[in-house]
Each structure stands twice: as C-alpha cells, then as structure tokens.
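The values are calculated or read from the model by the stated rules, or taken from the named source; none is laboratory data. Everything numeric in this text was worked out from a predicted model, so none of it was measured. Here Cβ is always computed from backbone atoms with ideal geometry, including for glycine, and neighbour counts include all displayed protein chains.
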Amino acid sequence: MRTTRHTLMACAAVSALFLAGCSSDESTTQDSDSLTIGIKFDQPGLGFKDGETYTGFDVDVAKYVADKLGYTEDQIEFVEAISANRETMLEGDQVDMIFATYSITEERDQVVDFAGPYFVAGQDLLVRADDMDITGPESLSGKNLCSVSGSTSAQRVKDTYDTGSEINLVEQPGYSECLSLLTGGQVDAVTTDDIILAGLAAEEGSGAMKVVGNPFSEERYGVGIPEGSDQCTAINEALTEMFDDGSWQEAIDAATDGTGFVPNADLNPPTLVECAA
C-alpha cells in the first residue's frame, strides 16, 4: 500500500545509510508496485464481483484514475468496502482509496478526505412491480423498509422520515440481502441511490422490481482517501480528463445500459470539490 508516511521513512533510511537526502517531491511519486482500492462487491453496474472479475462504473472510474496515477490494472488490488466499514478502512490504512458509491458528507469529511465527486445520484425507492401504493418516502408509514447499515440512505430515513417510528427500518450489511428480503416479501421497499436501485432491478430481471422514480436527495459520490493524503489534486486532475475525453460518458452508458436509468444531466458530470489545503 502506498502512503506518504512510508515514503518519508524510506527517505530517512536512505539518508542515514548513504548521506544523501530525498528530494521534496518524492513523497508524491509512485513508491509502491500496487494500489489497494475499496469497492462494493454487490452493486450490479457499479461495483460487482463475479469470481475474480470486477465490473461496474465505480470500477471503471477507479481503473482510469489508477492509470493516470501510474498504475496498470494488474497492480490494482480490489477489496470489499461495505458501507459501515469505509471510514475505518481509510483510517486504518487498509486501503489507499475507496470508490464505493461513497457519498461526500460533512460528518465523513471530519475523519477522511475526499476527491471528486465523480457522479451525483439521488436517493429513491425500489418496490415490487405490482406495488402502486408506495410513491415516495411519505407513503412508507407502516411499511417495512430495508437499507444498508452505515449508509447515508439509512441515516436519512432515521433523521427525516422515521418520525414516531412509523417506518420499520430493517438494516442489512449489503444490498443483496435487502433485495432478497424484498423478493421474499419480508420488506415492502428498499432504499438507496437511484443508480444502485436501477442496477439491482435489472439484475433481478423479468420486470419483477421497479424504481419508484421520485428521488429525494442529491448524493455526490466521492473518492475516499485517508485524511491528509496528498493524492486529492492528482485524482481530481484524472477525473477532469475522464470527463473531458469521453471516457466518463462511455463508463456511465455501459453501467446503465438496459436499466432504463438516465442520470440527471443538470448534475452530471459533477463539479469537483476543492482539495483540502
């Protein structure tokens, strides 16, 4: 794993042995032959693991950025980053960066840093195709609703819509578990970002599920990096190139093909945030 701290330690060791100092910009160059990236494993079209193959929009963006940082695909190690563990993984130096539908929030920004965003989604609802009663979060009173532990979607339900315990929020570790509960009838709806739900509905097939199509938030997907990392500017430069050269559009088209989902053109490609000084 590549970190600035490791580079500085290496510089100190070389100086002590050879009485030669390291140049000031060596800490920003590639000093490892691998890059560890956290992604989701259970989000079709975004971050999905099938055997030893990793596919989806997050994966494509991660590979593009890694290439611009000087890494080939065979130098990337993808690891699973479930929602509840993402900050812990970054704080503990378990990953170099995270591309995992990771919404930029003020709370998260207190403990990790973000580059990007590289996509803006909206929270929505997935229901069974024959359900005409659920049209948005206001129609969830008395319903069983599934979301993923540690996600902004689950927290928004708790903070905004679950007043008086009118919604029975069922939290699961991953989206595949929520989808299983929905298909089995144990819950009435699943909530997360619209692009994730579109992928889940397409994966289920046969028109069994539908996205309500009434988004009620803006979710800016950022690249999570350890606090104090020097990689934010380089990542944003790579993302700007991806937006400009058509690669971003190709990736989002491939991710949403066959789902019926159309990204919000007013918000995408998104405006990048400024990197912390």
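A few remarks follow.
- Inside segment 50-85, residues that are among the charged types (D, E, K, R), surrounded by fewer than 21 Cβ atoms within 10 Å (Cβ to Cβ) and under 20 Å from Pro173 (Cα atoms) make up a count of 2.
- Any chance Thr135 is surrounded by fewer than 18 Cβ atoms within 10 Å (Cβ to Cβ) and in contact with a helix residue (DSSP H, G or I) (Cβ under 8 Å, 6 or more places away or on another chain): no
- Hits in segment 95-144 (condition: in contact (Cβ under 8 Å) with a residue 24 or more places away in the chain and of a type in the set (S, T, N, Q)): Thr101, Ser103, Thr105, Gln123, Thr135, Ser141, Asn144
- Residue-level analysis places Gln186 outside the set of residues that are outside the structural domain of Phe57 (by TED's automatic domain parsing), in contact with a Leu (Cβ under 9 Å, 6 or more places away or on another chain) and either farther than 26 Å from Val262 by Cα or surrounded by fewer than 17 Cβ atoms within 10 Å (Cβ to Cβ) (or both).
- Residue check, Ile167 modelled with pLDDT under 95 and of a type in the set (Val, Ile, Thr): yes
- Segment 184-277 holds helices (runs of 4 or more DSSP H) entirely within its bounds, and those carrying 1 or more residues that are farther than 24 Å from Leu90 by Cβ, of a type in the set (D, E, K, R) and modelled with pLDDT under 95 map to 194-204.
- Test: residue in segment 73-94 that is at positive phi, more than 11 Å from the chain's Cα centre (by Cα) and either touching a residue at least 24 places away in the same chain (Cβ under 8 Å) or assigned to a helix (DSSP H, G or I) (or both): yes
- Residue, farthest from Glu227 (Cα to Cα), within segment 90-103, restricted to residues that are buried (at least 22 other Cβ atoms within 10 Å of the Cβ) and not small (Gly, Ala, Ser): Thr101
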